[in-house]
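Peer 1: Handing you a structure now.
The values are calculated or read from the model by the stated rules, or taken from the named source; none is laboratory data. If you're wondering where the values come from, they're calculated on a predicted model, not measured in any experiment. No Cβ is skipped: glycine too gets one built from the backbone with ideal geometry, and neighbour counts run over all protein chains shown. SASA here: full protein model, heavy atoms, side chains in, ligands and nucleic acids out. Shrake-Rupley method; radii C 1.70, N 1.55, O 1.52, S 1.80 Å.
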Amino acid sequence: MKNVLDYKRDCLLMVLLSLTIISCKNDKSQTVNNADTIDNTHNEKEFIKVVTTGMDFELPDELQSGWTTFKYFNNSEEPHFFIFEKMPEGITIDNYNNEIVPPFKAAFTYLLDENVEAAMKEFEKVPDWWSKVKLGGGVGLISPHRTAESTIFLNPGIYVMECYVRMPNGMPHAFFGMLKQIVVTDNMSAIQEPIADFEITVSSEKGVSFVDSLEVGNYSLAVNFEDQKLYETLLGHDINLVKLDDLSLIDTLGKWVNASDIKAFRSPAPVGLTFLGGVEDLEAEKTGYFNVELKEGDYVLISEVPNTIERNMFKIFKVYK
């Protein structure tokens, strides 16, 4: 049985892992009009280009509301993702830099050193408005030098986008610059909701539902969030698409995506796993979409939650010629 100190440490770790940590980074001003156009297998459409070359996000500072397609170019040497977090009214990235970053960065450092009492004291300095932050989707995990494309609905407001995959030393990428404020205006995008070829359903009760096999090709996949809940990390569930070199890697993958383990979710990702995007956390009864080219092989749809294999929050399927 865990003693009180162990319990405190575990609870603190789960809270720390759930929070947005903002680095002190000055973003260059960009405009909303640098969306690009692509020609995919379904239709010609506009997208917002997001580029990572190191520990950064390059995209416009201001976006229209409504359905928005993001094409994420991970031109770095690390696995990444990005999630949008909608701020409470009146809160901006400056509040995060001044009120959240110092205590949580210190607390995370203490926790990695197993100094639980010092970490708890830092945690007490955090303001209560952070609990009102809402998660708004994003592009799932993507391997280095890969491109992923997702479409989500954005409501007007101020968002922060971040990646909290960890460096080899256990510190989140957000500490090193993978953090950006986005203003979503009242001006609605002309993009229509996508039409999916197949649907994925994710539920905390039923797990992940999808077909058992698909023929090679390009697909638009809908991700229906039947419900949503807070797990031990105080984060919800998402969907990430991963190509497996071998089916035996499923347990390795499940352990790596367990962000409640301080030794997990660190770069580099295990060999034999290729992350191809997906849809980050959305609220219950919401839907996001992602496009992907599927080649022959074994794949898994998996949620980044603790004990994901035991919880059936994954679905293996095969792609054939």
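Peer 1: Only one of Glu89, Glu77, Glu114, Glu85 is within 18 Å of the chain's Cα centre (by Cα), part of a loop (DSSP other than H, G, I, E, B) and of a type in the set (D, E, K, R); which?
Peer 2: Glu77
Peer 1: Kindly indicate whether any position in segment 140-156 is over 30 Å from Trp67 (Cα atoms), of a type in the set (Val, Ile, Thr) and in contact (Cβ under 8 Å) with a residue 12 or more places away in the chain.
Peer 2: no
Peer 1: Somewhere in segment 133-154, is a residue of a type in the set (Lys, Arg) and over 24 Å from Gly54 (Cα atoms)?
Peer 2: Yes, there is a match, as at least one residue in segment 133-154 is of a type in the set (Lys, Arg) and over 24 Å from Gly54 (Cα atoms).
Peer 1: In addition: For Asp61, indicate whether it is under 20 Å from the mean Cα position of the chain (by Cα), acidic (Asp, Glu), over 21 Å from Glu304 (Cβ atoms) and surrounded by fewer than 20 Cβ atoms within 10 Å (Cβ to Cβ).
Peer 2: yes
Peer 1: Taking the options Pro156, Pro172, Pro168, name whichever one is under 21 Å from Lys263 (Cβ atoms) and open to solvent by 20 Å² or more (accessible area, probe 1.4 Å).
Peer 2: Exactly one residue qualifies, and that residue is Pro168.
Peer 1: Would you confirm whether any residue within segment 212-220 is modelled with pLDDT of 95 or more and either under 20 Å from the mean Cα position of the chain (by Cα) or part of a helix (DSSP H, G or I) (or both)? Spell out the reasoning first.
Peer 2: Looking only at segment 212-220, we keep the residues that are modelled with pLDDT of 95 or more, and these are 212-220.
Among the residues that remain, those that are also either under 20 Å from the mean Cα position of the chain (by Cα) or part of a helix (DSSP H, G or I) (or both) are: 220.
Yes - at least one qualifying residue is present in segment 212-220.
Peer 1: Go through segment 183-207 and give me each residue that's under 22 Å from Phe84 (Cα atoms) and part of a strand (DSSP E or B). Outline the logic, then answer.
Peer 2: Here is the first cut: in segment 183-207, the ones under 22 Å from Phe84 (Cα atoms) are 183-194, 200-204.
Of everything in segment 183-207, those that are under 22 Å from Phe84 (Cα atoms) and part of a strand (DSSP E or B) turn out to be Val183, Val184, Thr185, Asp186, Asn187, Met188, Ile200, Thr201, Val202, Ser203.
Peer 1: Has segment 213-220 got any residue that is among the acidic types (Asp, Glu) and free of Cβ contacts under 8 Å to residues at least 60 places away in the same chain? Show your work before the answer.
Peer 2: At the first step, the residues of segment 213-220 found to be among the acidic types (Asp, Glu) are 215.
Add one more test, that the residue is free of Cβ contacts under 8 Å to residues at least 60 places away in the same chain, and what stays is none.
The answer is no, given that none of the residues of segment 213-220 is among the acidic types (Asp, Glu) and free of Cβ contacts under 8 Å to residues at least 60 places away in the same chain.
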